[in-house]
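Participant: Can you keep this structure in mind? I'll have questions shortly.
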Amino acid sequence: MSSRFLIRGAVLWSEAGPVHDQDLLIGEGHILRVGRGLRDTAARVIRADGWLVLPGLIDLHAHLGEPGREDRETLESGLRAAAWGGFTAVLAMPDTDPPIDRESDVQYLRARSERSQGARALVCCALTKGRQGEELAELAAMRAAGAVAAGDAKPVGDARIVRRALEYAGMVQLPVLTDARDANLAKGGVAHEGEVGAWLGLAGVPAAAEWVALARDLLLAESTMGRLHVQGVSTRRSVELIRDAKAHGVRVTAECGFHHLFLTDEALSGYETSTKLMPPLRSSDDVRALVEGVREGIIDCVVSDHTPLTREEKDVEFDYAEFGAAGLEAVLPALHTHLIHTGELSWNEIVAALSRRPRSVLGLPQPTFDEGDPCEITLFNPEARDTIAPERWQSSARNTPLAGDTVVGRVEGVYVDGRACGRWVEEDE
């Protein structure tokens, strides 16, 4: 297979907006030429009329299993899934077994990622030793080893630890990721506390469990001037709190899971365990607020919160099922179908939430379409009709509430670190 590709007739989506009917010659990890009517006899030609060429997407929240939970997902299957879903890089959460809380753990994940045939793994190291929330991990050493963020991928109950983390992580230039959830208030809940959950007889997770934890962390970020990134935003009141904090100069960014932008707690009516998420699916009013938050940039990033689980962990009664849904390969088609295609969000807003702002959170350079620059792109066909079929996924996981849904738009693949991944090179021409 040629290592050079000539993408013909595409729409290049730069920060300034779309540039139509462009040819893009790429190879050796770089953008070689941009224009119209390009020719290169050594390149494999890709007919991409109407396809969008986006700056490579980054997922700031993915659970990839390895090491220790390869029964859920291996690093290779997760990174291939990410590439087929349009992501050139994913931030791997540290909730592995053992957790990523030492310099050698970070080095291991980075080395494994370099051998992958999929997306690149960025490493989020544990904030505390063993993810126990009691003592800060060796953040400076893990930062030196290549970690780009620190968080426990679960609530840290001790405010003293969060405060110290914000102070110390700031010195080593690591954003602190916190889970917007008070574990005590949420304890025992399996669904959003509201009319739907009550009607279904499901124990509730009150919205206040999110507000209380979020308010605490926002105040700590304000007092320390640390860099706070909030995970698990799912309610209108949370959006309002973050908006107010940003207006007062707090160094905070925030994310929400893509499911929470179009699914409500009504999806739980069939007791399908694939809809059991944390944070739980909320009310339609909360969904509208999250979409408004993404539009305004109050919610900086949209994430997959990819949580692969085994059949044994999901095929049980609702109360006993594990929280979480897989989704790396469904994010962009679902967002296009439910939000862009319907006019609720624009491509500029989605690209900002999936590419530009995630890079800003992690302090990564922004990709360009300038000749000679490194090439990191996502290819998307907005006219294709497809069905979300987890049995065909690259991921090992099958736990998705979107199985069988018809979507408008299909990810063709990515180009990252000199690798071409996805349908555009792996399926028959």
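Participant: As a quick test, which of the pairs Lys129/Lys187; Lys187/Lys246; Lys154/Lys246 have an alpha carbon distance above 28 angstrom in this structure?
Facilitator: Cα-Cα > 28 Å for Lys187/Lys246; rest within.
Participant: Dipole of the chain (Lys/Arg Cβ +1, Asp/Glu Cβ -1, origin at the Cα centre): which of Trp13, Thr368, Leu379 lies farthest to the positive side?
Facilitator: It is Thr368, whose Cα lies furthest towards the positive end.
Participant: Here's something else I'd like to know. What is the local net charge at Asp373, summed over the other residues whose Cβ is closer than 15 Å to its Cβ (Lys, Arg +1; Asp, Glu -1)?
Facilitator: Values: positive: Arg33, Arg359; negative: Glu15, Glu28, Asp370, Glu371, Glu376, Asp417.
Overall, the nearby charge balance is -4.
Participant: Tell me the Rg and the Dmax, in Å, that the Cα atoms of region 240-287 produce.
Facilitator: 13.9, 44
Participant: Across 10 Å bins from 0, what is the distribution of all Cα-Cα pair distances for region 374-424, in whole percents?
Facilitator: The percentages, shortest bin first, are 23, 44, 29, 4.
Participant: Can I ask one more? What residues qualify as long-range amide H neighbours of His192, i.e. H under 5 Å apart, gap of 5 or more or another chain, H built at 1.01 Å from N?
Facilitator: Under 5 Å from the amide H of His192: Val205, Leu281.
Participant: On to the next question. Pick from Asp21, Asp95, Asp40: which residue has the top mean-square fluctuation in a GNM of the chain where Cα pairs under 10 Å get a spring?
Facilitator: Judging by the Gaussian network model, the answer is Asp40.
Participant: For the chain, give the percent of accessible area contributed by carbon and sulfur heavy atoms, probe 1.4 Å, rounded to a whole number.
Facilitator: On the way: 7860 of 16900 Å².
Here it works out to 47 percent.
Participant: So which residue, out of Arg163, Arg120, Arg181, gets the largest mean-square fluctuation from a GNM of the chain using Cα contacts under 10 Å as springs?
Facilitator: Arg163
Participant: Using DSSP to define loop residues, name the GluC sites (Glu not before Pro) in region 71-138 whose beta-carbon has at most 16 other beta-carbon atoms within 10 Å.
Facilitator: Numbers: sites: Glu73, Glu76, Glu103, Glu114, Glu134, Glu135, Glu138; in loops: Glu73, Glu134, Glu135, Glu138.
Counting only loop positions with at most 16 other Cβ atoms within 10 Å, the GluC sites (Glu not before Pro) in region 71-138 are Glu134, Glu135, Glu138.
Participant: If you don't mind, another one. Using Cα-only point scatterers and the Debye equation, what is log10 of I(q)/I(0) for region 92-143 at each q in 0.17 Å⁻¹, rounded to two decimals?
Facilitator: Log10 of I(q)/I(0), two decimals: -0.48.
Participant: Taking a probe of 1.4 angstrom, what is the accessible area of Val53 in Å², to the nearest 10?
Facilitator: The accessible area comes out at roughly 0 Å².
Participant: Only loop residues by DSSP count here, and only those with at most 12 other Cβ atoms within 10 Å; note down the trypsin sites (Lys or Arg not before Pro) in region 13-106 that meet that.
Facilitator: Working: sites: Arg33, Arg36, Arg39, Arg44, Arg47, Arg69, Arg72, Arg80, Arg102; in loops: Arg36, Arg39, Arg69, Arg72, Arg102.
In loop regions of region 13-106 (DSSP not H, G, I, E or B), the sparsely surrounded trypsin sites (Lys or Arg not before Pro) are Arg36, Arg39.
Participant: Next up: Quick check: net charge around Asp40, other residues with Cβ under 12 Å of its Cβ, Lys/Arg +1 and Asp/Glu -1?
Facilitator: Values: positive: Arg4, Arg8, Arg33, Arg39, Arg44; negative: Asp23.
Charge balance in the 12 Å sphere: +4.
Participant: Using only Cα atoms, what is the ratio of the radius of gyration of the chain to 2.2 N^0.38 Å?
Facilitator: Details: Rg = 20.8 Å, N = 429, 2.2 N^0.38 = 22.0 Å.
Rg over 2.2 N^0.38 Å, computed on Cα atoms: 0.94.
Participant: Order Tyr320, Tyr271, most accessible first, counting only protein heavy atoms with a 1.4 angstrom probe.
Facilitator: Tyr320, Tyr271
Participant: Please give the charge dipole size of region 186-285, origin at the Cα centre, charges +1 on K and R Cβ atoms and -1 on D and E Cβ atoms. Round to the nearest 20 debye.
Facilitator: 380 debye
Participant: Let me ask something else about it. Just to check I understand the Karplus step: with θ = phi - 60° and J = 6.51 cos²θ - 1.76 cosθ + 1.60, what whole-Hz values come out for region 127-132, glycine and proline as x?
Facilitator: Computed from phi, the couplings for region 127-132 are 6, 10, 4, x, 6, 8 Hz.
Participant: About its Cα centre, what dipole magnitude does the chain give when the only charges are +1 on Lys and Arg Cβ and -1 on Asp and Glu Cβ, stated in debye to the nearest 20? Walk me through the numbers before you get to the answer.
Facilitator: Numbers: 46 positive and 66 negative charges, 185 e Å.
Once rounded to the nearest 20, the dipole reads 880 debye.
Participant: With the Cα gyration tensor of region 1-140 in hand, convert its eigenvalues to equivalent ellipsoid semi-axes via √(5λ) and list them largest first in whole Å.
Facilitator: Numbers: eigenvalues 289, 47, 31 Å².
Semi-axis lengths for region 1-140 are 38, 15, 12 Å.
Participant: Using a 1.4 Å probe, what is the accessible area per residue for region 111-254, in Å²? Intermediate results must be reported in sequence, preceding the final value.
Facilitator: On the way: 6100 Å² over 144 residues.
That works out to 42 Å² for each residue.
Participant: Antiparallel as a % of all DSSP beta bridges within region 144-274, to the nearest 5? Walk me through the numbers on the way to the answer.
Facilitator: Details: 0 of 11 bridges.
That works out to approximately 0 percent antiparallel.
Participant: What percent antiparallel are the DSSP beta bridges of the chain, to the nearest 5?
Facilitator: Values: 30 of 61 bridges.
DSSP beta bridges in the chain are roughly 50 percent antiparallel.
Participant: Next question. Go ahead and set up a Gaussian network model of the chain, Cα springs under 10 Å, then flag whichever of Ser77, Ser269, Ser234 fluctuates most.
Facilitator: Ser269
Participant: Right, another one. Using a cut-off of 10 Å between beta-carbons, work out the net charge of the residues near Thr224 (Lys and Arg +1, Asp and Glu -1, Thr224 not included).
Facilitator: On the way: positive: Arg163, Arg164, Arg227, Arg251; negative: Glu167, Glu222.
Combined, the nearby Lys, Arg, Asp and Glu give +2.
Participant: Amide H neighbours of Ala149 under 5 Å, counting only residues 5+ apart in sequence or on other chains, H built in-plane at 1.01 Å?
Facilitator: Excluding prolines and chain starts, which carry no amide H, the hits are Cys125.
Participant: Additional query: Which values of log₁₀ I(q)/I(0), to two decimal places, follow from the Debye formula for region 120-193 at q = 0.12, 0.20, 0.27, 0.28 Å⁻¹ with a uniform point scatterer at every Cα?
Facilitator: The calculated log intensity ratios at q = 0.12, 0.20, 0.27, 0.28 Å⁻¹ are -0.34, -0.79, -1.25, -1.32.
Participant: Right, next: Region 146-252: D in µm²/s via Stokes-Einstein (Kirkwood Rh, Cα pairs, 4 °C, 1.567 mPa s)? Walk me through the numbers before you get to the answer.
Facilitator: Details: Rh = 14.4 Å.
Estimated via Stokes-Einstein, D reaches 90 µm²/s.
Participant: Something else: From largest accessible area down, sort Arg227, Arg160; use a 1.4 Å probe on the protein chains.
Facilitator: Ranked from most to least accessible, the order is Arg160, Arg227.
Participant: How long is region 279-428 along each principal axis, judged by its Cα atoms, biggest number first, in Å?
Facilitator: 55, 40, 31
The values are calculated or read from the model by the stated rules, or taken from the named source; none is laboratory data. Quick caveat, the model's predicted, so the values are computed rather than measured. With ideal geometry, Cβ positions are generated from the backbone for all residues, glycine too; neighbour counts draw on all protein chains shown. The protein model used for the area step is the full one, side chains on, heavy atoms only, and it has no ligands, DNA or RNA in it. Shrake-Rupley method; radii C 1.70, N 1.55, O 1.52, S 1.80 Å.
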